[in-house]
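Scroll down for the structure; my scribbles are underneath it.
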Amino acid sequence: DQARNVCWAVIQVAAACIHYRDDKIIGAQGMINKAKEKFRRCRELKVLTPVVTKYLDWEELESLVMKIPEKEAKLEDFAELYEFRFKNYQSHPA
């Protein structure tokens with residue numbers, strides 16, 4: 001199921017944020033680049049459903065991820081992404 005790319009992207013963004021929190025730029029850069037590939041794949045494979053775009057704030061998350069340089073990023077490039085939070089999906093009608 002190609003929708004697994006959504007999960008992979010979120011997990012890799014989370015891992016990049018952990019590396020950022022621990023001041024490990026090499027790990028953060030590597031994971032965010034892998035996440036970018038998953039974001040691209042999600043668009044190419046058209047696996048983004050209304051649930052993903054609405055309740056996961058996918059477009060905002062994708063924008064924050066894609067703003068980070070693919071090479072020679074600095075830790076501060078990850079700060080805004082680190083502060084990102086998903087909406088509380090339980091407060092929205094299904």
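Somewhere in the stretch 36-47, is a residue out of contact with any Phe, Trp or Tyr (no Cβ under 7 Å at 6 or more places or on another chain), outside any helix (DSSP H, G or I) and of a type in the set (Val, Ile, Thr)? Spell out how you get there, then give the answer.
Within the stretch 36-47, the subset out of contact with any Phe, Trp or Tyr (no Cβ under 7 Å at 6 or more places or on another chain) is 36-37, 39-47.
Still in the list and also outside any helix (DSSP H, G or I): 45-47.
From what is left, the residues that are of a type in the set (Val, Ile, Thr) are 47.
Yes, because at least one residue in the stretch 36-47 is out of contact with any Phe, Trp or Tyr (no Cβ under 7 Å at 6 or more places or on another chain), outside any helix (DSSP H, G or I) and of a type in the set (Val, Ile, Thr).
Scan the stretch 69-78 and tell me whether some residue there is at pLDDT below 95 and in a helix (DSSP H, G or I). Lay out the reasoning, then the answer.
Let us first name the residues in the stretch 69-78 that are at pLDDT below 95, namely none.
Within the stretch 69-78 (the criterion being at pLDDT below 95 and in a helix (DSSP H, G or I)), the answer is no, since none of the residues qualifies.
In the stretch 50-66, which residues are in contact (Cβ under 8 Å) with a residue 40 or more places away in the chain and part of a loop (DSSP other than H, G, I, E, B)?
The one that is in contact (Cβ under 8 Å) with a residue 40 or more places away in the chain and part of a loop (DSSP other than H, G, I, E, B): Leu56.
So which of Gln29, Gln2, Gln12 ends up being surrounded by fewer than 18 Cβ atoms within 10 Å (Cβ to Cβ) and among the polar types (S, T, N, Q)? Talk me through it step by step, then tell me what you get.
Numbers: Gln29 fails: surrounded by fewer than 18 Cβ atoms within 10 Å (Cβ to Cβ); Gln12 fails: surrounded by fewer than 18 Cβ atoms within 10 Å (Cβ to Cβ).
When all the criteria are applied, what remains is Gln2.
Go through (1) modelled with pLDDT of 95 or more; (2) not in a helix (DSSP H, G or I) one by one and return the number of the condition Lys87 breaks.
Status for Lys87: all satisfied but (1).
The values are calculated or read from the model by the stated rules, or taken from the named source; none is laboratory data. Worth saying up front: this structure is predicted, and the values here are computed from it rather than measured. Glycine gets a Cβ as well: all are built from the backbone with ideal geometry, and neighbour counts include every protein chain shown.
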